[in-house]
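Visitor: Can you keep this structure in mind? I'll have questions shortly.
The values are calculated or read from the model by the stated rules, or taken from the named source; none is laboratory data. All of these numbers come straight from a predicted model, not from anything done at the bench. Cβ sites come from the backbone with ideal geometry, for glycine too, and all protein chains shown count toward neighbours.
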Amino acid sequence: MSKHKSFTIKELAEATGSSIIGDHSCSVDNLSTIENANERSITFLSNNKYKNSLSQSKARAVIVSLDFEEDGNFIYLKSKDPYLAYAKITKFFKKEDDIKIPFIHESAVISENTSIHKNVYIGPNVYIGQNCNIEENVVIHANCSLVKDVQISSGTTIHHGSVLGSDGFGFAPTNEGYVKIEQLGGLKVGKNVEIGANCSIDRGAIDNTEIHDGVILDNLVHIAHNVILGENSAIAASCAVAGSTKIGKNFQMGGLSGVLGHLNICDDVSVGAHTLITKNIEESGNYVGIMPSQSHKDWAKSSVFIKKLGK
């Protein structure tokens, strides 16, 4: 078993812009939760509901906010944003992985009329179809499909099993059934985007679907055809955005939420978990439509009451 890497408190403080209360030269060799820390651990407190647990922790050092009232039990790294400091420190303790650029696995299937920068990572069983363009430092993990007409900008990561550039849901109803609308547009993914596992993003019907720079998608997210998703947006797991909706920058969406199609959502909107957006949002802010869980009997009473309010 390989020996853990160790880092001094001074090194970690400099990397995170934190100030130190305690021994600057002390070393730690692991990052841990408050509950599972040992005497060689550094941990973090970014949520005050875990403050009481800190008194029982065995950690050597802890990242806290600037206004935290420290005692002599730990070495403290005081930060304006403890969660951001934690994020930066994770990079110190990340184990080496097998992502080496450049690399294209021998099992990958790549169309002849696709352009791929030499400095990319393409994992096992990846399929890249016609008329795609992959820029430098893109990572495409195993079992992903870029169906056709997909452009991926530099620094973007696509996690295992995601499908990009698939057909959008376009059908014209007739008395005899449905007539498929051929999807003639493409998909443009910006720089430094992170797409989680098993996501599905459709190419456009005529114009392109667009995922702008810095977007983060969790696992199992569906983005339908001709959606425009603004820069630095973040969408949690099991969410869906229906077709032709235009979303501004800094959009945040909690898990199991949805946005109906053909809507316009302004910049700086946050949507709570399990919320359905059914109309345009023209004012920045937080939006939520959660019905808390309750017994069936209480739910039945609540639904009757809500119906009566509308009369």
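Visitor: What do you reckon, is S2 under 18 Å from K95 (Cα atoms), out of contact with any helix residue (DSSP H, G or I) (no Cβ under 7 Å at 6 or more places or on another chain) and modelled with pLDDT of 95 or more?
Guide: No: the conditions fail for S2.
Visitor: As an exercise: evaluate G129 against (1) in a strand (DSSP E or B); (2) among the small types (G, A, S); (3) in contact with a Pro (Cβ under 6 Å, 6 or more places away or on another chain) and give the number of the one condition it does not meet.
Guide: (3)
Visitor: Being in a loop (DSSP other than H, G, I, E, B) and either buried (at least 16 other Cβ atoms within 10 Å of the Cβ) or of a type in the set (V, I, T) (or both) is the filter here, so list the residues in the range 104-124 that pass it.
Guide: Result: A108, T114, V120, G123.
Visitor: A further question follows. Can you work out which of the residues in the range 66-83 that are surrounded by 16 or more Cβ atoms within 10 Å (Cβ to Cβ) and not aromatic (F, W, Y) is farthest from I140 (Cα to Cα)?
Guide: For the range 66-83, the residue satisfying everything is I75.
Visitor: Being out of contact with any His (no Cβ under 6 Å at 6 or more places or on another chain) and at pLDDT below 95 is the requirement here; does K94 meet it?
Guide: yes
Visitor: If you don't mind, another one. Of the conditions (1) without any contact (Cβ under 8 Å) to a residue 24 or more places away in the chain; (2) of a type outside the set (D, E); (3) in a loop (DSSP other than H, G, I, E, B), A59 satisfies every one except a single condition; which number is it?
Guide: All conditions pass for A59, except number (1).
Visitor: Return the residue satisfying two criteria in turn: it lies in the range 279-299 and is exposed (fewer than 10 other Cβ atoms within 10 Å of the Cβ) and among the hydroxyl-bearing types (S, T, Y), and of such residues it is modelled with the lowest pLDDT.
Guide: S293
Visitor: Considering only the range 85-103, state which residues are of a type outside the set (F, W, Y) and surrounded by fewer than 16 Cβ atoms within 10 Å (Cβ to Cβ).
Guide: A87, T90, K91, K94, K95, E96, D97, D98, I99, K100, I101, P102
Visitor: For G255, work out the one condition from (1) free of Cβ contacts under 8 Å to residues at least 12 places away in the same chain; (2) among the small types (G, A, S); (3) within 19 Å of H274 (Cα to Cα) it doesn't fulfil.
Guide: (1)
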